[in-house]
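Undergrad: Before I ask anything, let me first share the structure, which is written out below as structure tokens.
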Amino acid sequence: MQYRELVDIVTQEVLRRLNGGAPAAGRGDSRKILALFCGGAIGLEPGLAALAELRAYPADVAVVLSAAAEKIVGAERVRDTLGTDTVIVTAQDPYPGRLLREADAVVVPVLTQNTAAKLARTFSDTLVTTLALQALMLGKPVVMAANAADPQDCGRTSGGMGRAPVNLTRALRDNLRLIESYGVRLVDVKMLAAEVGRCFRPDPEPATLAREKKVLIDAAAVKAALATGSGRLAVPRGAIITPLAADAARELNVELVRGDS
């Protein structure tokens, strides 16, 4: 037995015991995640770290690499992070329809501006966009880290790329708003694992819902408030307002009213 294989086996057993005897990632009753990489670099390391965190959920993570991701990320780097037993599909492999159907959630750790533009216009001319759109049509949770696609993300502005003309910035942000309106959960890469974990939680009991006031306010909620004609949207205490929702509220002149209602 090779050294790295032994390390993987020991790691899985440790995770099993930490989970109170529950099967570790790689077992048949684990959650299944399909991770799609489209070749971006901004947020790549925390994106890979989030997938590694999810393996301890426990969850099986299968990875799809676009042609660009094969060069920028590479199969070896994925296996170094997620384990040598990680299933990896490339653009040269057969279409991973079975992996998509079996997935409990689809994750894009690094959403690029190019892929965001294609998804916004429902173009399915790449393996990643095809899988993402089909996942939405299958009703599966789709979570994407939007850092690399956001023209105002600190990863871009710190590199001097925050000087785009206003119309270009607006167009790039509009792409994200459209994607979010399709049902994609756009998050900061640091929140990727937590958001995917929410997809796996059972629906809480009514009593729990009454106690927990936390909700997610997205751009769609802001637009719905505008449609009512009130121009106001009640934001419960503890609610999370997405960056796109905040932008939409400013642009549409919708007042976000915080409170307990």
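The values are calculated or read from the model by the stated rules, or taken from the named source; none is laboratory data. These figures come from a predicted structure and were not determined experimentally. Because the Cβ atoms are built from the backbone with ideal geometry, glycine has one as well, and the counts that use them run over all protein chains shown.
Undergrad: Please find, within the range 195-207, the residue that is modelled with the highest pLDDT out of those that are touching a strand residue (DSSP E or B) at 6+ places or on another chain (Cβ under 8 Å) and over 21 Å from Arg177 (Cβ atoms).
TA: Here is the first cut: in the range 195-207, the ones touching a strand residue (DSSP E or B) at 6+ places or on another chain (Cβ under 8 Å) are 195-196, 199-200.
Right, trim to over 21 Å from Arg177 (Cβ atoms) and you get 196, 199-200.
Values: Val196: 92, Cys199: 84, Phe200: 79.
Filtering the range 195-207 for residues that are touching a strand residue (DSSP E or B) at 6+ places or on another chain (Cβ under 8 Å) and over 21 Å from Arg177 (Cβ atoms), the one modelled with the highest pLDDT comes out as Val196.
Undergrad: Another question, if that's okay. Which ones in the range 112-155 are of a type outside the set (A, V, I, L, M) and not in a loop (DSSP other than H, G, I, E, B)? Spell out how you get there, then give the answer.
TA: Here is the first cut: in the range 112-155, the ones of a type outside the set (A, V, I, L, M) are 112-115, 118, 121-126, 129-130, 134, 139-141, 147, 150-155.
Within the range 112-155, Gln113, Asn114, Thr115, Lys118, Thr129, Thr130, Gln134, Asn147, Cys154, Gly155 meet the criteria.
Undergrad: Just to verify a result, which residue in the range 213-252, among those that are of a type in the set (D, E, K, R) and under 25 Å from Arg170 (Cα atoms), is farthest from the chain's Cα centre (by Cα)? Give the steps one after another, and end with the answer.
TA: Looking only at the range 213-252, we keep the residues that are of a type in the set (D, E, K, R), and these are 213-214, 218, 223, 232, 237, 247, 250-251.
The next check asks that each one be under 25 Å from Arg170 (Cα atoms); those that pass are 218, 223, 232, 247, 250-251.
Working: Asp218: 15, Lys223: 22, Arg232: 29, Asp247: 20, Arg250: 25, Glu251: 25 Å.
So, considering only residues that are of a type in the set (D, E, K, R) and under 25 Å from Arg170 (Cα atoms), the one farthest from the chain's Cα centre (by Cα) is Arg232.
Undergrad: Checking the condition touching a Cys at 6+ places or on another chain (Cβ under 7 Å) and hydrophobic (A, V, I, L, M, F, W, C), which residue from Ala69, Ala91, Ala75, Ala103 passes? Quick ask: steps written out before the conclusion?
TA: On the way: Ala91 fails: touching a Cys at 6+ places or on another chain (Cβ under 7 Å); Ala75 fails: touching a Cys at 6+ places or on another chain (Cβ under 7 Å); Ala103 fails: touching a Cys at 6+ places or on another chain (Cβ under 7 Å).
From the options Ala69, Ala91, Ala75, Ala103, the qualifying one is Ala69.
Undergrad: Can you pull out the residues in the range 57-81 that are among the polar types (S, T, N, Q) and within 20 Å of Thr129 (Cβ to Cβ)? Spell out the reasoning first.
TA: Quick first cut of the range 57-81, residues among the polar types (S, T, N, Q) only: 66, 81.
Residue satisfying the conditions is Ser66 alone.
Matching residues to (1) at pLDDT below 95; (2) in contact with a Lys or Arg (Cβ under 6 Å, 6 or more places away or on another chain); (3) surrounded by fewer than 16 Cβ atoms within 10 Å (Cβ to Cβ):
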position: Thr126; (1), (2), (3): yes, no, no
position: Thr129; (1), (2), (3): no, yes, no
position: Ala135; (1), (2), (3): no, no, no
position: Pro141; (1), (2), (3): no, no, no
position: Ala149; (1), (2), (3): yes, no, no
position: Arg163; (1), (2), (3): yes, no, yes
position: Arg170; (1), (2), (3): yes, no, yes
position: Leu192; (1), (2), (3): yes, no, no
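Undergrad: What single numbered condition from (1) surrounded by 18 or more Cβ atoms within 10 Å (Cβ to Cβ); (2) at pLDDT below 95 fails to hold for Val89?
TA: (2)
Undergrad: Could we say that Leu176 is free of Cβ contacts under 8 Å to residues at least 60 places away in the same chain and outside any strand (DSSP E or B) here? Spell out how you get there, then give the answer.
TA: On the way: free of Cβ contacts under 8 Å to residues at least 60 places away in the same chain: no; outside any strand (DSSP E or B): yes.
Against the criterion (free of Cβ contacts under 8 Å to residues at least 60 places away in the same chain and outside any strand (DSSP E or B)), Leu176 does not qualify.
Undergrad: What number goes with the only condition from (1) at pLDDT 90 or above; (2) surrounded by 15 or more Cβ atoms within 10 Å (Cβ to Cβ) that Arg156 does not pass?
TA: Condition (1) is where Arg156 drops out.
Undergrad: Among the candidates Ala210, Ala224, which residue alone is loosely packed, with under 13 Cβ neighbours inside 10 Å, more than 23 Å from Asp153 (Cα to Cα) and either among the polar types (S, T, N, Q) or modelled with pLDDT of 80 or more (or both)? It would help to see each step written out before you state the result.
TA: Details: Ala210 fails: either among the polar types (S, T, N, Q) or modelled with pLDDT of 80 or more (or both).
The unique qualifying residue is Ala224.
Undergrad: Given the structure, is Gly159 free of Cβ contacts under 8 Å to residues at least 40 places away in the same chain, assigned by TED's automatic domain parsing to the domain that holds Gly39 and not aromatic (Phe, Trp, Tyr)? Full working, then the answer.
TA: Numbers: free of Cβ contacts under 8 Å to residues at least 40 places away in the same chain: yes; assigned by TED's automatic domain parsing to the domain that holds Gly39: yes; not aromatic (Phe, Trp, Tyr): yes.
Yes, satisfied.
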